[in-house]
Amino acid sequence: MKLPDNPRFATVCIHAGQEPDPSTGALITPIFQTSTYVQEGIGRHKGYEYARTQNPTRSALEANLAAIEGGRAAFAFASGMAAITAIVARLRTGDHVVVTDNTYGGTFRLFDRVVTRYGVTFSFVDTSDLVATARAITPATRLLFVETPTNPVLRLSDIRTLADLAHGRGVGLVVDNTFASPCLQRPIALGADLVIHSTTKYLNGHSDSVGGVVIATNDEDIEWLKFIQNSAGAILSPFDCWLVLRGTKTLALRMAQHSANGQALAEHLERHPKVTRVIYPGLPSHPQHALARRQMPAGAGGMLSFEVATPDEARRVLARFRLMALAESLGGVETLVCHPATMTHASVPPARRQAIGLSDALIRISAGIEDVDDLKADLDQALG
Ligand SMILES: *Cc1c(COP(=O)(O)O)cnc(C)c1O
């Protein structure tokens, strides 16, 4: 198998990084469930010494994900949080990081409760506001950490503009691309230095694995990530690597359907009399619709949120879903609904929730890839 010179996205997803197994010809990369590798003699081995350091299933996944994101190397970790930890572990006392204010709750907790213990400081700013972001950068700033679209109010940040800003000030740009997936948004092509994913979500896509990845573009970052992955050891297991590899084979197909269903449900909800507000970047009513079309040209994704009249009404609606499952997480083939104010964002103080536009009457949907008419029917019966 040889990839064409300029393979298109779906082809890259299916083939990059994977060769038939040299010992058997197995088409699919095996799960190399081993802790160590026999050496022919002292210092004579096949490039594999110990499975924290190297594992062929992990190498195949990492090569695949690096190609999918358009980066030079990827490093797979035990969770999205472990991937983010590997990046911030490089910071030193006195360093400063500018972060999207409405970042994933686990990221906020890691930065605010753990990394600050080492004398690193963080400014949480609205990175959709270029002026505010520029103002937050100081001579001590090392990283600009951006999440777009955000959870659950789906605010976008302009990656290309932020990359220019960061690089002009000697700051590295990290983009958490979990919500969009590389199928819909390509941060490295827009100037990002590092991309992270919770592979738990769209990359694996089947709600049966927890993992994370960092994709890097420059030598220094690659050197560090290789070192910290081995030194701190939060590696993704061979079985989970195999699951994510299986997931990426259908990434292009799945994202097309997630996006189509997200768009259709958003339009359906916008017409529903019981719905007071719909937030979806693919709707012309979204304040950053033009940016969404530019930055996510293949579709606005599977995440959408809507509001009903009161928090009590939101609870009643959430209790009535039949097909859609009430659960945290996102990005799987099955549609999930949640109540961010009491579930994913319960630890965010009410005043802060209000500041980012997250009302207690807001319901978040992770649109799966079921038949959209069944999803619409479930929404209609739940809204009563
Ligand atoms: C889930 C998620 C994470 C954390 O990933 P885990 O795999 O749960 O550790 C980080 N960022 C975003 C945007 C997420 O949705």
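Taking first residues from the range 185-212 that are not assigned by TED's automatic domain parsing to the domain that holds Ala83 and partners that are among the aromatic types (Phe, Trp, Tyr) and outside any strand (DSSP E or B), no Cβ contact under 8 Å between residues at least 6 apart in sequence or on separate chains turns up. Among the residues of the range 153-165, those that are within 16 Å of the ligand (Cβ to nearest atom) and either in a loop (DSSP other than H, G, I, E, B) or out of contact with any Gly (no Cβ under 8 Å at 6 or more places or on another chain) (or both) comprise Val153, Leu154, Arg155, Leu156, Ser157. Restricting attention to the range 90-98, does a residue exist that is closer than 28 Å to Ser359 by Cβ, buried (at least 21 other Cβ atoms within 10 Å of the Cβ), of a type in the set (A, V, I, L, M) and away from the ligand (no atom under 12 Å from the Cβ)? Yes, the range 90-98 contains a residue that is closer than 28 Å to Ser359 by Cβ, buried (at least 21 other Cβ atoms within 10 Å of the Cβ), of a type in the set (A, V, I, L, M) and away from the ligand (no atom under 12 Å from the Cβ).
For the range 154-168, the count of residues that are closer than 23 Å to Leu245 by Cα, among the β-branched types (Val, Ile, Thr) and in contact with a Pro (Cβ under 6 Å, 6 or more places away or on another chain) is zero.
Name the single residue that is nearest to the ligand (Cβ to nearest atom) among those in the range 61-80 being aliphatic (A, V, I, L, M), surrounded by fewer than 21 Cβ atoms within 10 Å (Cβ to Cβ) and in contact (Cβ under 8 Å) with a residue 60 or more places away in the chain. Residue satisfying both the conditions and the ranking: Ala78.
Note on the range 9-98: enclosed helices (runs of 4 or more DSSP H) holding 1 or more residues that are under 26 Å from Gly170 (Cα atoms) and touching a Pro at 6+ places or on another chain (Cβ under 6 Å) are 56-69.
A quick yes/no check of all residues on (1) more than 16 Å from the ligand (Cβ to nearest atom); (2) within 27 Å of Ser181 (Cα to Cα):
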residue: Ser285; (1), (2): yes, yes
residue: Ala292; (1), (2): yes, yes
residue: Ser305; (1), (2): no, yes
residue: Leu326; (1), (2): yes, yes
residue: Ala341; (1), (2): yes, yes
residue: Pro349; (1), (2): yes, no
residue: Ala367; (1), (2): no, yes
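Entry remark, the range 99-114: residues being in a helix (DSSP H, G or I) and near the ligand (Cβ under 9 Å from one of its atoms) number 3 in total. If the condition is being touching a Phe, Trp or Tyr at 6+ places or on another chain (Cβ under 7 Å) and among the charged types (D, E, K, R), then the range 53-78 contributes only Glu62. What about Pro297, is it over 24 Å from Ala10 (Cα atoms), in the same structural domain as Asp378 (by TED's automatic domain parsing) and more than 16 Å from the ligand (Cβ to nearest atom)? Here the answer is no, as Pro297 does not meet what is asked.
For the range 244-262, the set of residues classified as out of contact with any Phe, Trp or Tyr (no Cβ under 7 Å at 6 or more places or on another chain), surrounded by fewer than 22 Cβ atoms within 10 Å (Cβ to Cβ) and assigned to a helix (DSSP H, G or I) consists of Arg246, Lys249, Leu253, Ala256, Gln257, Ala260, listed by residue number. Somewhere in the range 323-335, is a residue modelled with pLDDT under 95, on the phi > 0 side of the Ramachandran plot and not hydroxyl-bearing (Ser, Thr, Tyr)? Looking for residues that are modelled with pLDDT under 95, on the phi > 0 side of the Ramachandran plot and not hydroxyl-bearing (Ser, Thr, Tyr), one finds none in the range 323-335, hence no. Looking only at the range 195-213, which residues are surrounded by fewer than 24 Cβ atoms within 10 Å (Cβ to Cβ) and in contact with an Asp or Glu (Cβ under 7 Å, 6 or more places away or on another chain)? Result: Ser207, Ser209. Checking Thr138, Thr150 one by one, the residue that is within 16 Å of the ligand (Cβ to nearest atom), of a type outside the set (A, V, I, L, M) and part of a loop (DSSP other than H, G, I, E, B) is Thr150 and no other.
The values are calculated or read from the model by the stated rules, or taken from the named source; none is laboratory data. On a predicted model such as this, the values are computed, not experimentally measured, just so you know. A quick note on method: Cβ atoms are made from the backbone with ideal geometry, for glycine too, and the neighbour counts reach across all protein chains shown.
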